[in-house]
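Please read the structure below before turning to the comments.
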Amino acid sequence: MITKIHHAYDGKGWPLAFLIEPGQGLDSRMFAHVIEAVRVPRAGGGRARTRPDAVLGDKAYSSKANRERLPARKIRAVIPEPRDQIANRKRRGSRGGRPVNFDAGAYKGRAAVEQSFNLFKQWRGIATWYDKFPLTYRAASPFTHA
C-alpha cells in the first residue's frame, strides 16, 4: 500500500492540517479536504479560525474548482498556473478568459511549507516508506509532541 501525505502549514512552518490518503489519488482531489481541515489558532486563545488569509499551493492544485472554492470562502489563492493551462487559455483567445492573479512575492513564503515537510521526512521510516499506516505518520510527526 502506498500512502500520500497532504498537509497545510502556516508561514512559520507549524501544521494547520494533516491528512493521509492512498498514494494513487491526485493531489488536487484532496485540496478541498485539506482546506476544510485547516484550523488556525488564535494568539490570545479561543476558538481556532477555519479560514486562513491565503493559500500558497503548487501547480498541482491549480484547477478551476480549487480556484473557485477559495474566493467563495474569502481566501486569497496564491497558486501558479501550469504551462498547459496557460497555453490552452491563450489558444482560446478572448474566450480563454483572463490570466490568474498570481503574487510571485507572496509565493516565496511557500519555502516554509517545503522546509517543514522536509523536516518531517527526516524520520527514516517515512523517508523510505517502511511504515505505511496513518497512525505511524501521526505518531512520527515532530509537531504532535510540541
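Sorting HIS7, HIS33 on the 10 Å Cβ count, fewest up front, what's the list?
Values: HIS7 18, HIS33 12.
Lowest count first: HIS33, HIS7.
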* Lys/Arg Cβ at +1, Asp/Glu Cβ at -1, dipole of segment 3-140 taken about the Cα centre: which of ALA8, ALA87, VAL38 is farthest positive-ward? -> ALA87
* For segment 3-140, just list the percent of Cα-Cα distances falling in each 5 Å bin from zero outward, please. => 2, 9, 17, 20, 20, 14, 10, 5, 2, 1, 0
* Estimated distance in nm for a label pair at ARG51 and ILE75, the labels positioned 7 Å out from Cα along Cα-to-Cβ -> 1.1
* Cross-link partners among aspartates and glutamates for LYS64, C-alpha distance below 12 Å, same-chain residues fewer than 8 apart left out? -> GLU81
* To do: Quick one: dipole size for segment 3-140, taken about the Cα centre, charges +1 on Lys/Arg Cβ and -1 on Asp/Glu Cβ, in debye to the nearest 20.
  => 540
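What ranking, highest mean first, results for peptides 37-43, 93-99 when packing means the other Cβ atoms within 10 Å averaged over each residue? Each step should come with its number before you reach the end.
Values: 37-43: 12.7, 93-99: 8.6.
Peptide ranking by packing, descending: 37-43, 93-99.
Applying 1/(1 + (r/R0)^6) with R0 = 22 Å to the Cβ-Cβ distance of GLU68 and ARG39, what FRET efficiency is obtained, to the nearest 0.05?
Taking R0 as 22 Å, the efficiency between GLU68 and ARG39 is 0.45.
Each reported figure results from applying straightforward, stated rules to the coordinates on display, with no laboratory input. This one's a predicted model, so the numbers in the text were calculated from it and none came from an experiment. Positions of Cβ are generated from backbone atoms using ideal geometry, with glycine treated the same way; all protein chains shown enter the neighbour counts.
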